[in-house]
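What follows is a single structure, written as structure tokens, with notes after it.
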Protein chains: 2
Amino acid sequence: MDGAAALPLDELLARLGPAGVVPGAAVPPAQWSDWSGEAGERPLVQLRPASTEEVAWALRWCHARRLPVVPQGGRTGLAGGAALRAGAVALSLERMAVIDWIDPVVRLLQVQAGATLQQVHDAAEAAGLAFGVDLGARGSCQVGGAVSTNAGGHGVLQHGMMREQVLGLEVVLADGEVLPMLRPMPKNNTGVDLKHLFIGAEGTLGIVTRALLRLHPRAEARATALLALHDYAQAPALLAALQARLPGAVAAFELMWRDFLEAALDWRGGPPPFAALPPLCALVDVQGPRADVQAALQQALEAAFAEGLADDAVLAHTEAQARALWRLREATAEFPARLHDPVNFDVALPMRRIGDFAEACLQALDADVPGHRSLRFGHVGDGNLHLSTDGASVLGRRERVEQVVYAQVAAFEGSVSAEHGIGLHKKAWLALSRSPAELAAMRRLKQALDPLGLMNPGKLLDAADPGSLQG
Amino acid sequence: MDGAAALPLDELLARLGPAGVVPGAAVPPAQWSDWSGEAGERPLVQLRPASTEEVAWALRWCHARRLPVVPQGGRTGLAGGAALRAGAVALSLERMAVIDWIDPVVRLLQVQAGATLQQVHDAAEAAGLAFGVDLGARGSCQVGGAVSTNAGGHGVLQHGMMREQVLGLEVVLADGEVLPMLRPMPKNNTGVDLKHLFIGAEGTLGIVTRALLRLHPRAEARATALLALHDYAQAPALLAALQARLPGAVAAFELMWRDFLEAALDWRGGPPPFAALPPLCALVDVQGPRADVQAALQQALEAAFAEGLADDAVLAHTEAQARALWRLREATAEFPARLHDPVNFDVALPMRRIGDFAEACLQALDADVPGHRSLRFGHVGDGNLHLSTDGASVLGRRERVEQVVYAQVAAFEGSVSAEHGIGLHKKAWLALSRSPAELAAMRRLKQALDPLGLMNPGKLLDAADPGSLQG
């Protein structure tokens, strides 16, 4: 089967209705891939089921015809997990975008997978609560995609990744079997907790159709400070001291290296936060009761100074001052305008080693890719470092930049993907962060749940190598 | 092969040494099962490997001979997961009891699976930190068992179950393959997070040999109060109000029904906490800074009264008063002396429905098993209810008690096991809490990772029914 012509569209239309079927020829190229820039191809057809039953029917239908299925959420992924390929069926859950229920007392919300993260935030806020995962794409990205990529973003330090927000899932397997895992109970030791298989599996094991999500009490107030550090070794100790003094309250611990700070000040103007720019700045947000969050942070910072964990600090006394401090970190919004097609990294390292890693990367890039311009920053409180290299500074040498940085990730026993996932983009590097035994086990799971290899094929892992199935 | 005589003990001794091999005849009957009371049988041999490499060798050796392997931790399980059967190899990790390292700054600890929970607590405390899971059997139960049963106990409300403490695992599969999943990074989106498969799998998918565990800042102080409620509906709202006012600080929310309170007062003496015993009491622990935890709890309670969420309260002003309040809840320690061989339940329900469930259970038991004496209490903040029926009050009708209570669990869409697991004890009831599709998926996973069915066979699920593998 290699074209829409061969597809019995009438069967699809009869079951899913005209709103549920978009012929391949009518799917606009903008929908063939995601924000990763990975190339996509025209699908056979796009299916838009409106219920779990329709998803199950659609998957059974594809299964019977051995048609590969590529699920797409809001197509905001950065690793190419939603890139279509010719001959595949695109599956959109856009028509399943309802919040089934919210219970502010037990702080739970059940939602269909096609709803956006924004909808979840809005519903939580309307109930006087907060949702734990937030990210720039919140208005477009969908719950199903956020679960399937185990999204991170802001809030991880306090509330964990998407996985930690998920109390239950409803999932449809490749053969159309529905797994109803939505009982709203935090304690439920009745065998393997299957939902974890699908969180971060990037749609390769099944389709998430519903999520039961935890909500959190809303913070009354925030206090923000920017701290100057002379040595990375101060950072983990500073974070630990703040967390011990303000339990559960540290909501952000973002680190910016001097290369990033210089660019941010250059692009966004404004007075430098410190007379002399330090080698590193930590941006800290603390949540707490309105009455004393500011005083609590100030006390914690004074203790940190006394212990030599920071050299200087700017404490925001107004909302406007807090926003000004965040403007530095949010200079990443200037990347599209200021960095030509940058090479972006999203890596994780053991917390203690991030400083050495950042230094080693710079030295290796200086040696191997002279002239590169690289900026270092990240959610370092989560062990997550972003490094971006200006594409204009490494023209024709982009691959070399990747080789150099990922070699350092391997040397430091880090993760090639902290929060964005593998998709197509990082398949080549996956083996640097997972042992052959782990990859073989992932293939066994794939074989167990999707023996025909129809779910998002070619993403994350290549199809099973029969040899490796023997373990 | 049906006896130790057929076993080439010399091969085992040559590789594992005399400390690593106990012939079946020398394994005392006390080690054939666990605290569940399930019957065990003499094993072929008990293997006691001293390293991951020896575990891997032992499993390869058993795999080559098609010998079933039953892992045993501290044998404190309450569901029979560690009960031995004739013809099986017993695997003990008692000789792997070392804490590999602890890092108080990043608050992580790596430990071999044979270490006790007490060792973990001691190491955390010595570093000025706390471990999140605690339970009565801490001195005997082992980390591997606590991971494999996803242990609960005290602390779940604040820190989650054992699963939430686990950042990484090292696991040996049935065929001896080692999965090294110990990279100390909270963010690591590189495919399926395999460790979750083994948490709560009760040793049916592989042997946990090491765990990388999260630690928490130690609470400076606790405040304790006992609250009188006239209606269960107050309980979820009371908990939500306390958690909103004291974010992250509510460490215990234990509920006791009047039947339990009367027994506790009868057994342990002392003055009743309230002039008239209310239908329900909630025991609340809050953690916080020494200076103001008491005042913070008092304020929160006053707000709760104003909202009608509690009717009366006793706030402990001294350690001794707090202990006196906890003595009521800890009257469970009297069960062995006061209840004749009780029928114990460990069920979970959606938080909103626990009150109706508790009432429905009592009515159903009154109707079907007249004369029963049942006590109701539990970690209700976690959705977990314990119900214990005096065996003497239901002589010859124990099975009927189970049928009645589990029928209510099914009707209320609860879990037949909140924290103890399934083992042998609850296999018959598992299908009340998991759909056929979920059970089939669990069987597919078992088939994928242990196709010969050698890991703790007969526990949790029966061997795959070929029909159900088709999904």
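The values are calculated or read from the model by the stated rules, or taken from the named source; none is laboratory data. Every value quoted in this text rests on a predicted model; they were computed, and no experiment measured them. Here Cβ is always computed from backbone atoms with ideal geometry, including for glycine, and neighbour counts include all displayed protein chains.
Annotations for the structure displayed:
- Pairs where the first residue, in the stretch B:100-124, is away from chain A (no Cβ under 11 Å) and the second is assigned to a strand (DSSP E or B) and acidic (D, E), C-beta under 6 Å, 6+ apart: B:Q110/B:D100
- Candidates are the residues of the stretch A:352-364 that are within 14 Å of chain B (Cβ to nearest Cβ) and crowded, with 22+ Cβ neighbours inside 10 Å; the one that is nearest to B:L182 (Cα to Cα) is A:I354.
- Any hit, the stretch A:277-300, residues being polar (S, T, N, Q), surrounded by fewer than 20 Cβ atoms within 10 Å (Cβ to Cβ) and within 14 Å of chain B (Cβ to nearest Cβ): yes
- Selected residue [part of a strand (DSSP E or B) and either over 25 Å from the mean Cα position of the chain (by Cα) or of a type in the set (S, T, Y) (or both)] from A:A228, A:A244: A:A228
- Applying the criterion of being touching a residue at least 60 places away in the same chain (Cβ under 8 Å) and hydrophobic (A, V, I, L, M, F, W, C) to the residues of the stretch A:63-83, the residue that is farthest from A:W32 (Cα to Cα) is A:L67.
- Residue list for the stretch B:154-194, filter: polar (S, T, N, Q) and at the interface with another protein chain (Cβ under 7 Å from one of its Cβ atoms): B:N188, B:N189, B:T190
- Which listed residue is crowded, with 24+ Cβ neighbours inside 10 Å, touching a residue at least 24 places away in the same chain (Cβ under 8 Å) and within 12 Å of chain A (Cβ to nearest Cβ), from B:L197, B:L212: B:L197
- B:A310 part of a helix (DSSP H, G or I) and either surrounded by 16 or more Cβ atoms within 10 Å (Cβ to Cβ) or touching a strand residue (DSSP E or B) at 6+ places or on another chain (Cβ under 6 Å) (or both): no
- The residues of the stretch B:365-389 that are buried (at least 17 other Cβ atoms within 10 Å of the Cβ) and among the aliphatic types (A, V, I, L, M), listed by number, are B:L365, B:V369, B:L375, B:V380, B:L385, B:L387.
- Options A:R245, A:R218; residue that is within 27 Å of A:V105 (Cα to Cα) and of a type in the set (D, E, K, R): A:R218
- Scanning the stretch A:394-411 for residues that are without any contact (Cβ under 8 Å) to a residue 24 or more places away in the chain and within 12 Å of A:G371 (Cα to Cα) turns up just one, A:L395.
- Failed item, numbered, when B:L349 is tested on (1) within 14 Å of chain A (Cβ to nearest Cβ); (2) more than 22 Å from the chain's Cα centre (by Cα): (2)
- Qualifying residue in the stretch B:365-378 (condition: closer than 20 Å to A:M181 by Cα and out of contact with any Phe, Trp or Tyr (no Cβ under 7 Å at 6 or more places or on another chain)): no
- Across the stretch A:231-246, the qualifying residues are those that are at pLDDT 95 or above, under 28 Å from B:L246 (Cβ atoms) and more than 8 Å from chain B (Cβ to nearest Cβ), and the one among them that is surrounded by the most Cβ atoms within 10 Å (Cβ to Cβ) is A:L242.
- Across the stretch B:390-444, the number of residues qualifying as within 13 Å of chain A (Cβ to nearest Cβ), buried (at least 20 other Cβ atoms within 10 Å of the Cβ), out of contact with any helix residue (DSSP H, G or I) (no Cβ under 6 Å at 6 or more places or on another chain) and part of a loop (DSSP other than H, G, I, E, B) comes to 11.
- Hey, B:D259 within 26 Å of the chain's Cα centre (by Cα), away from chain A (no Cβ under 12 Å) and surrounded by fewer than 20 Cβ atoms within 10 Å (Cβ to Cβ) or not: yes
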